[in-house]
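The values are calculated or read from the model by the stated rules, or taken from the named source; none is laboratory data. Since the model is a prediction, treat every value here as computed from it, not as a measurement. Virtual Cβ from ideal backbone geometry, glycine too; neighbours counted across all protein chains shown.
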Amino acid sequence: MGWRCGIKSHTYSIVVLTIGVLGVQKIAVVLHLFYEEQWPDFVAAFANIRHTFTLFVSLRPESEFADQIRQDFPAAIVQRFPNLGRDVAPFLAWLPELQSYDLVCKLHSKRSEGRHLVWRKVVMDGLLGSVEIVDDYILAFAKDGDIALGGARFNYVDGAGHVTVCGRALRLQHGALPKGWGFFAGTMFWCRPQVFAGLEQTYPLACFSAHGDTDGQPEHVVERAFGLIVMQANKKIMLHDTEILVDHPSQLYGNPNWADTYDAFQEGAAQKIDDAPAVLGAPLSLLQLVQAHDGYVCGSWSGTLIQYDQCLQGLRHAPVRLLQAGIQNGGALEIWGKYFTNGRIILGCDTDQRCAELTFEDARIKAIHADAASPYAKTKVMKICGQFDVIIDNSPSAARDSIAVFLHYFPNLNAGGVYIVEGLQNLAAPAQGGSDDTSAHAFFRLLCDILQRPEWANQPDLCARIAPFESAHDIDFAIFRSVQSVEFTPALITIRKTAMQALGQGSMVWSDRKAIAP
Amino acid sequence: MSHAAQIKSGQGDIDLAQGQAFAALALAMRDLLETGENFDTVTRLARIESILGLNLRAKRSWQRALKIKKDALAYAGLGSVLFQMGDAAAGNMALNAGLALEPENTVLLSSLAVSHLYLQDFISAQRYAAQALSVDPDHLEATLCRAKAELMLGNLALASFYIDKLLQKGYKPKEVSLLQVDILHRQDQPEAALFIAATLCDENPNAFEAIKGFRRAFRTLIKKPARYMEFMDGLDIAWRPARARVATCALPADHAKIDVIIPIHNALNQVEACIQTVRAHSAERLGRLILVNDGSTPQTVEALADFIGGHADTVLVHTLRRSGFTNAVLRGLAESDAPAFVVLNSDTLVPERWLDKLYSALRSGAKTAMVSPMSNNAVWQNYGPVFADDVFADGDVADGDSFCTAPFPVLQEHFRLARIGAGMGGDTLVPLPILHGFCILVDRSAYDAVGGFDLSAYPEGYGETQDLSLRFTKAGYDLFVVTDCIVYHERGGEYLAKTPRKLEQCGAAKAI
């Protein structure tokens, strides 16, 4: 039978006393911190946990944020993970270690886009919003050993109505889907880790790949599996709202239309515009660096180097993470190492398998053998670095590849970052077996048109122009909403990225009240 | 053992066979990343992604494989994935590209047959299936496609031939049985079709196609009265007019009051009209009108509170949150101590003297536990036609498998029709094993005796009254439809969070 607790006035001392009677709870908080700028929000939320807990934090593969975390939580267990499987893969990796804990709170950062910021905030509020809320979870899990999962009520969704494209995989892996199951959208919850023991073997880390998809990947299957497993184990779920509801999933009522809830976040979306990166002086030009270079071979037209210099000036002294597709002999990577003196990662990728044999004195430089247009290359890249500030596509062997590389990696470009395509003469060629309409040139010109048209997605003519590209590519329209500018120079196409909410017309700003025309 | 060696030893297939699909996926992924991207590593991955239904990934992998090597089976894989993603045209293009490489590839030919069946291009489906069978006469998927295509083209003898062949081989028995239902129906053998469809429904309670097949066959049979009665007599479940009870009983003189419970979730306009007719037409028989607010908006709650004003017999209670129809009914029942109660949907309009008529029927026999009126929109309790015609996009009309609905009348029209209905001599009580839950009058002691509504099995309704009916029948109680009482029902005006179809299927599964 389920139970309800309509009054939430119990104080901390009562909870401690009750938990003391029921047994000491060993608590862990597991945080996947992909967006490090959100760390202060989590620190503030952790203040509501007035019990001893162990903090596990997973970071991007290139992150240097561990020291900051240890400053705030000296005993925190911090680890860098490949940027694969989002928050789910790191959690699964830690699951064996979590078996010694009674209660685990699973959290993660979400991208700094309006509705996601709001979603994260309300989910966090539902899990860690106050001392009382935290104590509600701790007390409930201590009181009822059958509770396996708990979270904000609004975030608990009806499984059958939201299984989407994951149904087949779930059935294959977990058997028939029972009636009445549900799960927490977004995979943030309190849980009893023993119920999920062995899940890391069911979903080995290697099954996760790099992608920009919002559904249909193993992490989305696991998101649903958490709820399904609880039901199959005949355990209970706790829903937290103005009252507490604890029952078996078949007796709970999952949100039947998550899309409406998700859309509502947009209305309350907070505005957040990233500060422009600082511009500092650059002593040696790129041209001068190439001329003085004595490492691996690097050759380029002087005009091209000058154009690179112009478009990268703003990032010259920033701690950039750079990805270059097409590195030839590796000399370009060494040049970039010298150019970005404060750079953190210089990563190259090339179809020539000999590039994997390249060795570099500069430890920041790495090269891998892969075709950047291949989805598996991204999986390799994401194991090394999850987000970049500069991405250069210098390998346009076919128009189609340049589009594919852009669609693969632009989502992983940081806001304020630059995406550069070199080799216009190749890009101008029509796509193989197609017409000029599907050339990379046409695609990047299309980006300009999209930028110039507000609410473009509703305009049939633009959708019709995107359609020919969709037959060859999986295009997530969200990409277009974060393009800040597209610049064509004789040798380069430069696409700058910004946070989505920074775009658009914004509101009308008036300078004064005097006017002669109405 | 290296991942390449594990692949060679068939570990991936073992994982798949043992239900460890993601372990197989991980193995294929590791092999690709370690061995490198080649046709074998990519297609192996694509195949597992396809099996798992990770279609977007599978599509990319098949496309990648085709970039490495133009291969017929890779085209088959890509075509199949595109088809599953709903892009039938692109799927067909991929399959045809494969066929250009291997014109006699039976996988591609049968896939194209399936694709054209889906597109309702039955002639092309027939052609591709025939081509596949000319290459391999024992190709079972092609045989199934051929049977379907012949059936849709009206070639019943040929369709029968291929169906018999499939039955002999035991290939996809459920799907083939559905075809059998269809063909028997078309061959004017609805009785046999009904038997097979009923078996399919029993074995696959969630398969709506089986229910549709049953309804189609039943609809055909009911149009042949003699055969219908003979068939039903054979099953010993039929009723004849002679078996119906005539409600000769006078209005009971017990002056008992009846409580009316109305669960409400928004739909304020309908609620208002419903309450208006209940108050106007229940006379002295009405005990308490119990309105149960089940998670409505604040505006609705405010309006409901206004409805109570000046009506001492009306009670407004609330569930803690939106909790489903059955829970709301139980919340209302907790307020009732009447000897009998009505559960009434909020999207109904009740006629004059409705409560007296229903109560007379309820007290017409000592074992009568529940009665329900006729309606414009209560499935088997509909007046007029029960089944609707299906109207196709081109205006063509065919025998349908849906229940008939009639529009919700304006109040004046409702009163006029109700008076006509009452004057048609429809004082017959029709015994039924199951009553529709839109409006039921239930004897409280009988209700308590069988344990009442099953909240755990039907928290949201859609099956709770059917379940209660079956338990009443099993306990020896009688249930009747009251033919001289017509309650109008809009249906779908409330509890719309999930589609009624989904809830019905869920409820049907639980009942079975």
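Side notes on the structure shown:
- Residue count for segment B:278-302, restricted to those that are surrounded by fewer than 15 Cβ atoms within 10 Å (Cβ to Cβ) and assigned to a helix (DSSP H, G or I): 6.
- Residues satisfying the stated conditions in segment B:308-341, i.e. hydrophobic (A, V, I, L, M, F, W, C), surrounded by 20 or more Cβ atoms within 10 Å (Cβ to Cβ) and touching a Ser or Thr at 6+ places or on another chain (Cβ under 6 Å): B:328
- Flag if residue B:180 is in contact (Cβ under 8 Å) with a residue 12 or more places away in the chain, part of a helix (DSSP H, G or I) and of a type outside the set (Val, Ile, Thr): yes
- Tally of residues being small (Gly, Ala, Ser) and within 14 Å of chain A (Cβ to nearest Cβ) across segment B:303-320: 0
- No other residue among B:306, B:294 is out of contact with any Cys (no Cβ under 8 Å at 6 or more places or on another chain), within 12 Å of residue B:346 (Cβ to Cβ) and not hydrophobic (A, V, I, L, M, F, W, C) apart from B:294.
- Some residue of segment B:174-190 being at pLDDT below 85 and closer than 26 Å to residue A:160 by Cα: no
- Any hit, segment A:96-119, residues being assigned to a helix (DSSP H, G or I), at negative phi, of a type in the set (Asp, Glu) and without any contact (Cβ under 8 Å) to a residue 60 or more places away in the chain: yes
- Strands (runs of 3 or more DSSP E) contained entirely in segment B:321-404, each with at least 2 residues that are away from every other protein chain (no Cβ under 14 Å), touching a Leu at 6+ places or on another chain (Cβ under 9 Å) and modelled with pLDDT of 90 or more: B:340-344, B:368-374
- Candidates A:129, A:151 - the one that is farther than 19 Å from residue A:36 by Cα and in contact with a Gly (Cβ under 7 Å, 6 or more places away or on another chain): A:151
- The criterion of being within 14 Å of chain A (Cβ to nearest Cβ), farther than 25 Å from residue B:134 by Cβ and modelled with pLDDT under 90 holds for residue B:89.
- Residue within segment B:235-247 that is at pLDDT 85 or above, among the β-branched types (Val, Ile, Thr) and either in contact with an Asp or Glu (Cβ under 8 Å, 6 or more places away or on another chain) or surrounded by 18 or more Cβ atoms within 10 Å (Cβ to Cβ) (or both) present: no
- Between A:214, A:261, the distinction of being within 14 Å of chain B (Cβ to nearest Cβ), farther than 25 Å from residue A:146 by Cα and assigned to a helix (DSSP H, G or I) belongs to A:261 only.
- Between A:343, A:348, the distinction of being out of contact with any Asp or Glu (no Cβ under 7 Å at 6 or more places or on another chain), buried (at least 17 other Cβ atoms within 10 Å of the Cβ) and part of a loop (DSSP other than H, G, I, E, B) belongs to A:343 only.
- Taken over segment B:58-78, residues that are under 27 Å from residue A:208 (Cβ atoms), within 14 Å of another protein chain (Cβ to nearest Cβ) and not hydroxyl-bearing (Ser, Thr, Tyr) amount to 11.
- Selection within segment A:403-431 - in a helix (DSSP H, G or I), at pLDDT below 85 and touching a His at 6+ places or on another chain (Cβ under 9 Å): A:424, A:427
- Top-ranked residue of segment B:421-457 - restricted to ones that are assigned to a helix (DSSP H, G or I) and at pLDDT 55 or above, ranked as nearest to residue B:368 (Cα to Cα): B:446
- Of the strands (runs of 3 or more DSSP E) that lie entirely inside segment A:131-206, those containing 3 or more residues that are within 14 Å of chain B (Cβ to nearest Cβ) span A:156-158.
- The listed residue being more than 10 Å from chain B (Cβ to nearest Cβ) and farther than 14 Å from residue A:179 by Cα, out of A:229, A:244: A:244
- Flag for residue A:174 being surrounded by fewer than 22 Cβ atoms within 10 Å (Cβ to Cβ) and farther than 29 Å from residue B:456 by Cβ: no
- Here is the figure for segment B:1-50: residues that are in contact (Cβ under 8 Å) with a residue 24 or more places away in the chain and facing chain A (nearest Cβ under 7 Å) total 5.
- Answer from A:60, A:111, A:50 - the residue that is within 28 Å of residue A:202 (Cβ to Cβ), at pLDDT below 95 and surrounded by fewer than 20 Cβ atoms within 10 Å (Cβ to Cβ): A:111
- Checking segment A:61-74 against the condition returns no match, with no residue being touching a residue at least 60 places away in the same chain (Cβ under 8 Å) and outside any loop (DSSP other than H, G, I, E, B).
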